[in-house]
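Beneath this line is the structure, given in structure tokens, with notes to follow.
The values are calculated or read from the model by the stated rules, or taken from the named source; none is laboratory data. Keep in mind it's a predicted model, so treat the numbers as computed, not measured. Because the Cβ atoms are built from the backbone with ideal geometry, glycine has one as well, and the counts that use them run over all protein chains shown. Surface accessibility is based on the protein's heavy atoms, side chains included, excluding ligands, DNA and RNA. Shrake-Rupley method; radii C 1.70, N 1.55, O 1.52, S 1.80 Å.
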Amino acid sequence: MNPQDISKARNPDLRASVQAMRRAAELARQTALQTETAIVIVQDGKPVRVTADTLRKQAHKAAAK
């Protein structure tokens, strides 16, 4: 199922789940920055470790846009 399919689901909890996952991901990034730890994400089907320093650089780029 892709996000478009989920956004059209009959179940309101399922429709809200995509936004909830986005909020959880942002909270994980914030926690990693505060604790100077890394998070693991999936890119191209493979786990990738992202350090707090990299997250900080990404946040600065996003803020500059």
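Numbers at a glance
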item	result
The chain: angle of helix 12-35 to the longest principal axis, Cα-based, in degrees nearest 10	10
Percent of alpha-carbon pairs separated by more than 16 Å within the chain	59
Lysines whose Cα lies under 23 Å from that of Lys57, excluding same-chain neighbours fewer than 8 positions away	Lys46, Lys65
Estimated [θ] at 222 nm from DSSP helical runs (n ≥ 4, -39500 (n - 2.57)) normalised by residues in the chain, nearest 500	-21000 deg cm²/dmol
Cα long-axis angle, helix 52-64 against the chain (0 to 90 degrees, to the nearest 10)	70
For the chain, accessible area per residue (1.4 Å probe, heavy atoms of protein chains only), Å²	85
Length-normalised contact order of the stretch 1-61 in % [C-alpha pairs under 8 Å, at least 6 apart]	19
Within-11-Å neighbourhood charge of Val40 [Cβ basis; K, R +1; D, E -1]	+2
In range of the label at Asp5: residues from the stretch 18-56 whose backbone nitrogen is under 17 Å from the point 7 Å along Cα→Cβ	18-19
Lys, Arg +1 and Asp, Glu -1 on Cβ, resulting dipole of the chain about Cα centre, debye, nearest 20	200
Within the accessible area of the chain (1.4 Å probe), percent carbon and sulfur	54
